[in-house]
């Protein structure tokens, strides 16, 4: 409660200033301001320049509460014209108007500047009387700035001027202002003193409104001192004097302070009655600021009397008004901001430049930031891209790996089958050798044993018989020996490793030709040097197998074998004059001999071609074997 | 039994990895005429004996563990040129026989040799003459001379060469000879290779020069 009262006491100070400083031109904005402005503007064309200056000032004045820009604009027009026509009086008057405009908008610095400009001109003009207005305005300005000492000094200057001119009306006004200033300074005694002096003068002048002012101010001073009896006495006197006044604001003000006084005294009924009277007055003259103050005070009283519903209602109204005022204040503040902008243009410009620079920096920063963001995005994108690539590559590699594995597996299977067919061929060969040994060596030995058992140990029998057996046995032994040499050679020709392919082929052919069933010829070209071991072994085995097949199946008389060496390959050509056959049969029959040929050729990357036809005479087998060792071969020494 | 010619007792060294063969030889040779000074089962042993004992004739196998008989012969021929050498081998391969013979041995005998043939070989060796088993005489008879141009090419190749020179295509040649084009192509390739021809013109020139047509 105490704070609220302190606050309430502060508000009247405005009222004191605006209502109490009579010298100051009315701060009330007439409701018909727009109409007046239009009318003033229409007067401009016909008026002379001096009048134009005055009209500009009036228009500026009319705009003072609504638009500072307009106010300043017209003030400037007045200023320009006054400067042009070199009318110092009008010029200083214009400065005064502009000072007030800036003051009302809270631009006190600018206000002070114009007041001082005005004062400067007036000093040159030696027009001391006209100083009063400026001094008064300066005093109000300083009091607003809480510079009470300076304010008081200017008010006193006003009083001194008026006193020297014996202008009692103005003297009363000045004393009133000094009293109000002391009230603002919470110096009730001094306030009472000056208001009393003002009243004394004013009572001699019989201006009832002025007298009412002074009485009201005295009453408030008494209230401040806590002397409510004196306060009420003066309030009532004031109201009597103000009965017929045009200035409804001072009446409302009287009611306001009366109400506060009653409220402070605890007489809420009377306080309420008085405040409502004042309220209706300010509502009539649409003084929202005052209405608000009344509402707040009334709400407080309702609260005190526990009539919360009414208190709430009043507070709602108060809040609404507060919003309105605040909005108006906001508009004003915006205007003030503009003013500040105007007045401190250069600084503003510098600041603007600085801001621009800052903006640029900010922009650069944001650009850098966005660049960083872009970089980050790029990095993220790159990472994402890389991840995708890696994943892709990983998958592909895995796929490749799988394919490779599959291929390896297939190759492995293929090699396995190759090895299997070689093993099979070897088994087949062993079978053949076993049969050869059994058939030739075995039967030969059996015959030999029979021969020996037929021999007569005592040499008693026919001498010629023994001799026959002896020579037959030696023949059998020779046959066995020969057969064993052949078997040994076929199993593993010693000369293949020691002397190479050509000698072993020659030997093989010689052996075949020795049998006499078939004539084999060998024609070689450029075979002076040895070939890779695996090529020699496998070529020999392949040729051996081909010759076996020819001898077994073709009924050929002649076989021609050609070995032609090229730079990077050897060409093997075997031609026979036997009966041709169906290649498909060869493959279908799944003969070990043929499988052996294919497997051995695979080992040395040999390519074969068979030129044959069933029933046709002559078959040619062509085999090309590369000599580069770049491909891994499964070595076999059989 | 062949009656041996009287003369100085011949000192023999037998080198073979098979004891049974050595024993067989012992039985076949009359010790009064042929003094078998020692026996060795490999080349190393043989060389050791040769450093200690005087030997006139070496009967040697070719296939032995360690150093091959052929290398032993080379060493002996170098160190002891006066020692006569007879090869007694299982191997009847032409290349093996030829290689040994080229080293200047005095005889090549297959192991199925009879006593009289053995003695015949030894006696020929004693008189620095050469002996070879009957089965192998054909081998040495074969001429290993360079082939003439006509022998360079096979019969089939000569046939094809004629057709090529007469500007027949592979297809025509294949039809004529009842063979496949691929076979003709292989033959053509081999003919060019063997005649060292780079072009058809070159091949024709070769054909004319060597009177192949």
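No lab work stands behind these numbers, since they all come straight from the coordinates. These numbers were taken from a predicted model, which means no experiment stands behind them. Ideal geometry is used to build each Cβ from the backbone, glycine not excepted, and the neighbour counts take in all protein chains shown.
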Could you check what % of the DSSP bridge pairs in the stretch B:10-141 are antiparallel, to the nearest 5? 0 percent
Among A:170-180, A:602-612, the order from most to least packed when residues are scored by Cβ within 10 Å on average: A:170-180, A:602-612
Comparing B:191, B:139, B:96, which has the greatest mean-square fluctuation in the GNM of chain B with Cα pairs linked when under 10 Å apart? B:191
Gyration tensor (alpha-carbon) shape descriptor, the stretch A:37-163, a/c threshold 1.5: oblate
To the nearest 10 degrees, how steeply does helix A:308-343 sit against the main Cα axis of chain A, on a 0 to 90 scale? 80 degrees
Just for the protein assembly as shown, what percent of DSSP beta bridges are antiparallel, to the closest 5? 45 percent
For the stretch B:72-213, count the residues as N, evaluate 2.2 N^0.38 Å, and divide the Cα radius of gyration by that value, please. 1.68
In the stretch A:495-626, what % of DSSP beta bridges are antiparallel (nearest 5)? 75 percent
Shielding by partners, peptide B:81-90 (average Cβ within 10 angstrom, other chains): 1
Burial ordering of A:489, A:527, fewest other beta-carbon atoms within 10 Å first: A:527, A:489
Debye calculation, C-alpha points only, no solvent: report log10 I(q)/I(0) for chain A at q = 0.11, 0.12 Å⁻¹, in the same order as the q values. -1.08, -1.23
May I ask for the distance between the Cα centers of the stretch A:544-574 and the stretch A:473-499, given as a whole number of Å? 23 Å
Using a/c under 1.5 as the rounded threshold, could you call the stretch A:544-611 rounded, prolate or oblate? The axes a ≥ b ≥ c are square roots of the C-alpha gyration tensor eigenvalues, and prolate needs a/b larger than b/c, oblate otherwise. oblate
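How would the stretch B:10-141 be classified by its alpha-carbon gyration tensor: rounded, prolate or oblate, with rounded meaning a/c under 1.5 and the a/b versus b/c comparison settling the rest?
Note, shape of the stretch B:10-141 comes out rounded.
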Under the definition of Cα pairs under 8 Å and six or more residues apart, what whole-number percent is the relative contact order of chain A? 6 percent
So for A:401, B:34, A:566, fewest C-beta neighbours within 10 Å to most, what's the order? A:401, A:566, B:34
Against the longest alpha carbon principal axis of chain A, how many degrees, from 0 to 90 and to the nearest 10, is the axis of helix A:443-454 turned? 30 degrees
Residues B:16, B:209, A:534 arranged by fewest to most Cβ contacts within 10 Å: B:209, A:534, B:16
Separation of the stretch A:199-270 and the stretch B:13-77 by C-alpha centroid, Å? 166 Å
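Could you tell me the relative contact order of the stretch B:17-77? Use alpha-carbon pairs under 8 Å, at least six residues apart, and round to a whole percent. Don't skip to the answer; put the middle values down first.
Working: 34 pairs, mean separation 20.1, N = 61.
After rounding, I find 33 percent.
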Using only Cα atoms and rounding to the nearest 10 degrees, what angle (0 to 90) does helix B:43-52 make with the longest principal axis of chain B? 40 degrees
Partner chain Cβ atoms within 10 Å, averaged over the residues of B:178-190 - can you pull that number for me? 6
Counting only other chains, and only Cβ atoms inside 10 Å, what mean value do you get across the residues of A:299-305? 0
Over the stretch B:44-171, what relative contact order in percent results from Cα pairs under 8 Å that are six or more residues apart? 18 percent
